[in-house]
Amino acid sequence: MARARRTKRGTATTRPSTATASAHQEHGGRWNGTRVWLAGIVSAVIIAAVGVVFTDWYNARGPDAIGRLAGREPLTVGHVAMHHGLRRLALREPVTDPAERALLLAGAATAQRDAALERHQVAPVAAMNVTVVLVGNRGSLRIVDIEPRVLTRGPASRAALLIPAGAGEVGTVEVTADLDRTAPRFTMAQHPDTAYFSKKQIDLHRDERVTLSMTICAEKAFYTFDLVVTVLAGDRTEQVAVTGPGGRPFRLTGPASTYRSSYQESPAGGWRPQPKERIRPDASDQEC
């Protein structure tokens, strides 16, 4: 029995001493501290590298990418102006309401008169000048083409002719497009058979502006149209539509052989009716 007890005690598990356990804990603590220190260094290096990469990417392409994600177009139309100057105008719908006829006279407010003309689809005859200011929204882009896009076509307007004082004096413009052609394109004044944007393209950077001065012509019909700007930004081609003031399409009509009525611009403002037999062709009607 005694031998059996000694054998049992001899096979019992031996516990490490307190000093040995403390040494292991101290060694493990130092290793854990080293690992934490190394992990901190590695994390700092990774964060710094990611920061450098992100900064380089953002400076190079970040604003463009964010602009695309937000649906921002590559160009902003900063300004659109139509210059009728001394060109003749035509109304598509006759002015039959006495109240609206009164608005055409000198005593009416300009804003009311302009609104009445708009309701009757006033349009320049034969040609119009348009100034467009485009602003870049990308780090770098190229305008590779601008072309008129005909939205509607109909017979020339003949309801009424508005004749400004001194009609026929027309300024020069940079490029010209003829809406009567099958595929209207802007051409150079010196080379009417050469598409302007086949020879010259426009490079823009962010917030840079370009001002385009154009004349658009028509002799055979009445047109509503807008301008389509084709832009190459990076590796993508995008299109931006340019409309007239107020977001309305541009309007232009060819001259008519006869008009139901005509009005002469008054020195006091507004328009005064004139006898029908006094309507005469104008040199600006054949400008294109």
Kirkwood Rh and Cα Rg combined as Rg/Rh, region 74-286
1.02
5 angstrom amide H check on Ser266, placed H, neighbours 5+ away:
Trp271, Arg272
Along the charge dipole of region 74-286, Cβ charges K/R +1 and D/E -1, which of Ala106, Ile202, Gln274 sits furthest on the positive end?
Gln274
Among 196-209, 137-150, 91-104, the order from most to least packed when residues are scored by Cβ within 10 Å on average:
137-150, 91-104, 196-209
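Per residue Cα convex hull volume for region 125-164, in cubic angstrom? Kindly include the intermediate steps, with their values, before the conclusion.
Values: hull volume 5.2 nm³, N = 40.
So the per-residue hull volume is 131 Å³.
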Ranked highest first by average number of other Cβ atoms within 10 Å, how do 112-125, 237-250 line up?
112-125, 237-250
Residues whose modelled amide H sits under 5 Å from the amide H of Arg149, counting only those 5 or more places away in sequence or on another chain, are Asp226, Leu227, Val228
Evaluate the charge dipole of region 74-286 about its Cα centre and quote only its size in Debye, nearest 20, assuming +1 on the Cβ of each Lys and Arg and -1 on the Cβ of each Asp and Glu.
380 debye
Residues whose placed amide H lies under 5 Å from that of Glu219, excluding near-sequence neighbours
Asp180
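Hull surface divided by four, with the convex hull built on the Cα atoms of region 138-260: how many nm²?
If I average the Cα hull's projected area over directions, I get 9.6 nm².
Every number in this text was worked out from the coordinates using simple rules, so none of it is lab data. The model shown is predicted, which means the values in this text are computed figures rather than measured ones. No Cβ is skipped: glycine too gets one built from the backbone with ideal geometry, and neighbour counts run over all protein chains shown.
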